[in-house]
Amino acid sequence: MTKIRYLLYKSTEKWTNNQKERAAILFTEYPEIEKAYKLVNNLRNIFNQKKTKV
């Protein structure tokens, strides 16, 4: 369970092949977790965007 929890803290770009496999299994069994992960990942991307001065 720890390995699965750790991958949820990382963005999908930083996942290893093993983590991708674990995520596929997890998201198949628990689609609600996939929805929540995608929402968090989208929010993370918003905050990581570089802001430019106007």
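The values are calculated or read from the model by the stated rules, or taken from the named source; none is laboratory data. Computed from a predicted model, the values in this text were never measured in an experiment. Note that we place each Cβ from the backbone using ideal geometry, even for glycine, and neighbour counts take in every protein chain shown.
I'd like the full set of residues that are part of a helix (DSSP H, G or I) and either modelled with pLDDT under 90 or surrounded by 10 or more Cβ atoms within 10 Å (Cβ to Cβ) (or both), limited to the range 14-30.
Hits for the range 14-30 are ASN18, GLN19, LYS20, GLU21, ARG22, ALA23, ALA24, ILE25, LEU26, PHE27.
Could you check the range 31-52 and list, in sequence order, the residues that are in a helix (DSSP H, G or I) and among the β-branched types (Val, Ile, Thr)?
ILE33, VAL40, ILE46, listed by residue number.
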